[in-house]
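Some notes on the structure that comes next.
The values are calculated or read from the model by the stated rules, or taken from the named source; none is laboratory data. If you're wondering where the values come from, they're calculated on a predicted model, not measured in any experiment. Cβ atoms come from the backbone with ideal geometry, glycine included; neighbour counts cover every protein chain shown. Surface accessibility is based on the protein's heavy atoms, side chains included, excluding ligands, DNA and RNA. Shrake-Rupley method; radii C 1.70, N 1.55, O 1.52, S 1.80 Å.
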Amino acid sequence: MSRDGRRFTSRIVLRQETRKPEVELDVDETPPPPAAGFSAAAFGTLAGAKRVLIGRARPTRALEETLLPKTLALPIFASDPISSVAYATEAALAVLVAVSLSSRHLVFPISIGISALLAIVVLSYRQGIKAYASSGGSYVFAKENLGTLPGLVAAAALLTDYILTVAVSVAAGVFAITSVAPSLSAYRVELSLACILVLTLGNLRGVRESGLLFALPTYAFIASMYAVLIVGFGKGLVGSWPHANVPHPISVGTAGSVGLFLLLKAFASGSAALTGVESISNGVTAFRQPQARNAARTLVIMAAIAISLFLGVSFLAVKMGARPSSSASVLSQVARGVFPAGSSGSLIYYLVQAFTLAILILAANTSFQGFPRLAALLARDSYFPRQFVNLGDRLVFSNGMLILAGLASVLILSFRANVDSLIHLYVIGVFTAFTLAQAGMVRYWLRTREAGWRKSALMNGVGSATTLVVTAIVIWTKFTSGAWMVIIAIPTMIAGFYAVHRHYRSVARRLRAKANAVLARPQPANTIVLYVERLDAATREAFWYARKISNGSLRAIHVPFPGSDPGIRPRFFSWSEGRPSLEVLSEEEEPLDAVLEYVWRFPHGEGDFVTVVIPELFRTPSLLSAVMRRSTFSLKRGLLREPGVVVTDVPKLAGSSDGENVAEPRRAVGVVPIAGVNAVSLRALIYARSLGLDDTRAVFFSFENDDATRIERDWERFPTGVPLQVVEAPYRDLGKPLLTHLRRITADPEAVAVVVMPELVVRGTDRLLHNQRALYLKRILLFEPRVILTSVPYQLV
């Protein structure tokens with residue numbers, strides 16, 4: 001004890017022992033804490049279903065094991081451009097035959113131009129991967145070299161393209177199936193949504209697992225397509241070219257010639273073949289070491305496969321007379337023409353159709369890797385909600401995957417899974433990102449002047465100029481067909497990025513600036529008010545706790561309500577031995593109004609506290625029952641909005657006893673879970689220290705090695721007189737390690753654990769930008785025996 005009465009305790013750092021792999025499986029078998037509102041059996045069923053669908057949680061240190069060899073990285077990151085062979089040729093043909101059937105032969109020279117463009121873009125991105133051996137792709141290339149705004153434009157364009165890729169790819173894949181089974185055409189939307197669900201579950205299982213799951217269909221598609229091309233070219237070279245049967249062809253135009261505008265429009269539509277090229281540069285850190293070299297090699301392999309398949313299909317489509325149809329894709333017509341029904345190779349046609357569906361869904365899988373990674377990068381830079389940085393159970397950015405699946409499903413529903421309607425929204429985003437990324441790399445080479453910089457700058461300059469021209473062409477030719485929606489969406493997203501960034505910057509500056517002010521304040525005054533609704537076991541425990549922390553200045557209040565005990569005041573007097581007496585407030589429509597009017601009598605705010613202790617006796621451990629207790633639920637919610645008011649919840653489950661003869665606990669141990677050292681956590685620590693509990697300490701749960709180092713460094717800068725415990729949480733979940741920590745305390749039958757939670761209170765929709773950690777912990781701990789929950793709100797309004 002120091003001379004001024006403050007207690008000093010040494011900082012304590014506790015870490016759980018690193019378990020051996022075989023023990024980890026046993027630990028993982030223990031289900032996480034049940035969510036309030038579910039029975040143990042129901043929660044066990046849900047936990048078991050989650051484990052079957054997604055798999056066991058993996059520790060953070062296993063991240064290295066999820067890195068991909070090139071053989072698995074190819075189907076994950078390159079399936080989008082490879083799959084474009086299924087619709088890129090058809091997209092260009094649809095524009096040409098709408099003018100004149102005789103113009104369809106132009107699709108092959110257009111395909112050559114698109115392939116040349118693809119090669120330029122791939123070589124440009126290869127240069128970028130060498131320069132930046134990290135994930136980020138277009139966003140990083142543009143942001144680091146051109147500035148924040150170009151980087152955010154690239155990011156918004158890519159996010160838009162990723163969403164559209166999922167919708168277009170899945171819709172195209174379902175169209176491939178309905179080409180074989182026309183009776184399923186009426187269920188395109190349902191089938192598309194089912195495919196998105198399967199894809200989401202597959203990716204939630206982990207990057208490596210999704211690669212293993214989808215590698216076979218990808219390689220099977222490549223093999224079957226090469227079989228079609230080899231046999232088709234062989235038949236044409238040694239005899240006559242196969243003939244394509246075109247069921248239900250789309251109407252054709254009668255114009256005699258094709259103008260420049262139509263040629264450019266066909267080129268823009270066929271440029272869908274380039275979507276997904278940037279995905280490898282966005283996921284460099286997912287590759288095995290050496291990451292940059294493996295990513296660059298995979299990019300070149302992807303380009304070689306995509307270009308050869310695209311040119312081959314376009315050439316055969318011209319030679320065989322294939323054209324767009326309302327019931328059969330061009331690829332289906334080519335495959336059926338090469339392997340007609342009844343022939344010895346007819347089975348290959350059905351394999352092509354099946355693997356086309358698979359590869360088109362896997363094209364969406366590319367977005368399931370790119371979108372979450374880009375969202376996480378934006379979140380780290382404070383331009384996206386911080387929740388997108390969080391790794392899920394399987395070490396993937398699961399929040400990004402779920403949002404992507406939801407947005408793509410909205411598009412599927414809005415456009416009824418129609419590929420022709422969705423394709424017009426496509427390509428603008430990806431070519432915008434291409435242009436900015438390559439322009440950024442030109443600036444990089446001119447600034448660094450590394451070896452071979454002139455050649456590299458020239459290559460990136462040609463790539464940037466070419467994709468800029470294509471971007472202008474796409475906007476010009478597709479604006480009225482729906483591209484205007486993307487052109488509006490991108491600036492809207494950028495405005496959202498800046499709004500999120502302003503919020504986080506404002507919050508960080510205010511919390512940082514006020515941290516020292518919180519510590520500089522004198523010992524706060526704390527007025528304790530016990531809210532008594534009825535006399536039961538929960539009220540008895542709440543009374544014990546309120547008296548323990550009150551320092552002799554406890555007040556008790558009761559707000560009458562319909563059906564309340566009219567004799568509660570004399571009964572409480574006898575119960576509490578007259579200290580304190582129960583003050584009965586005037587009956588109000590809402591108890592909150594009466595309690596607030598009472599609380600306003602006492603000084604509270606940034607310097608002083610009023611602690612309102614609210615007992616709650618529950619008949620069943622149900623979150624629904626907690627919410628349905630309208631009086632106490634609305635009271636707690638309303639009090640948290642009042643500056644300087646601390647809400648302490650004393651929940652208790654009803655047992656066989658009537659609650660009148662329950663033994664009082666003897667010790668109260670304070671636990672303050674913190675996520676960082678700032679004004680919010682410091683205010684909660686100062687409050688916890690002022691309670692005079694038997695023992696109080698802060699607990700930080702470390703998800704990664706760097707977390708512990710950071711918190712220990714910050715802790716030294718802000719001495720609070722409260723010891724710190726750092727507990728490793730290798731599975732990135734607060735629930736189980738916190739419960740384990742608290743149960744060590746409550747294992748003593750005479751002890752209760754008082755969890756003092758720092759809670760940042762923000763207004764309106766700003767709450768969506770914060771992880772609601774306190775709410776999550778309160779939900780987990782609400783029905784934990786002998787745990788008292790205290791919320792110390794920090795108003796930021």
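Structure notes:
- Estimated at the nearest 10 Å², the accessible area of Met493 is 50 Å² with a 1.4 Å probe.
- The range 526-552-the range 572-602 distance, computed between alpha-carbon centres (Å): 12 Å
- Ignoring lysines fewer than eight residues from Lys652 along the same chain, the ones with Cα atoms less than 20 angstrom from its Cα are Lys548, Lys636, Lys778.
- Karplus-derived HN-Hα couplings along the range 97-104 (A = 6.51, B = -1.76, C = 1.60, θ = phi - 60°), whole Hz, x at Gly and Pro: 6, 5, 9, 6, 5, 6, 8, 5
- Shape category assigned to the chain from the gyration tensor of Cα positions, a/c cut at 1.5: prolate
- The heavy atoms of Glu606 offer some 100 square angstrom of accessible surface to a 1.4 angstrom probe.
- Percent accessible area from carbon and sulfur atoms, the chain, protein chains only, probe 1.4 Å: 59 percent
- Magnitude of the charge dipole for the chain, about its Cα centre and with charges confined to Cβ atoms of Lys, Arg (+1) and Asp, Glu (-1), is about 1920 debye.
- Close amide H contacts of Phe703 (hydrogens built in the peptide plane, cut-off under 5 Å, sequence separation of 5 or more or a different chain): Ala729.
- Taking amide H atoms as placed 1.01 Å from N in the peptide plane, the amide H of Val646 lies under 5 Å from those of Val610, Thr611, Val612, each 5 or more residues away in sequence or on another chain.
- Using alpha-carbon coordinates, inclination of helix 107-131 to the longest axis of the chain, degrees: 40 degrees
- Selection from Val699, Pro737, Leu760, by position along the positive dipole direction of the range 688-789 (Cβ): Leu760
- Computed [θ] at 222 nm, deg cm²/dmol, the chain (DSSP H ≥ 4; -39,500 (n - 2.57); rounded to nearest 500): -19000 deg cm²/dmol
- Remark on Ser622: its backbone amide H falls under 5 Å from those of Gly37, a criterion applied only to residues 5 or more positions apart or on other chains, H modelled at 1.01 Å from N.
- Computed over protein heavy atoms with a 1.4 Å probe, the accessible surface of the chain works out to 41 Å² per residue.
- Karplus (6.51, -1.76, 1.60) ³J(HN,Hα), θ = phi - 60°, over the range 504-521, in Hz, Gly and Pro reported as x: 4, 5, 5, 4, 4, 5, 5, 5, 5, 5, 8, 4, 5, 5, 5, 5, 6, 5
- Across the range 338-343, computed HN-Hα scalar couplings (Karplus, 6.51 cos²θ - 1.76 cosθ + 1.60, θ = phi - 60°) run 6, 10, x, 4, x, 7 Hz from first to last residue, x flagging Gly and Pro.
- Listed by chain and number, the lysines whose alpha-carbon sits under 27 Å from that of Lys143, ignoring those within fewer than 8 places in the same chain, are Lys130, Lys455.
- Looking at the range 646-753, the GluC sites (Glu not before Pro) that sit in a DSSP loop and have at most 12 other Cβ atoms within 10 Å of their own Cβ are Glu660, Glu750.
- Along the axis of the charge dipole computed for the chain (Cβ charges of +1 for Lys and Arg, -1 for Asp and Glu, origin at the Cα centre), the listed residues Ala266, Leu413, Phe543 are led at the positive end by Ala266.
- Compared with the dominant Cα axis of the chain, that is its longest principal axis, helix 40-54 is turned about 30°.
- Candidate lysines for bridging to Lys319, where Cα separation is under 29 Å - those fewer than 8 sequence places away on the same chain excluded: Lys235, Lys265, Lys478
- Percentage relative contact order, the chain, counting C-alpha pairs under 8 Å, at least six apart: 18 percent
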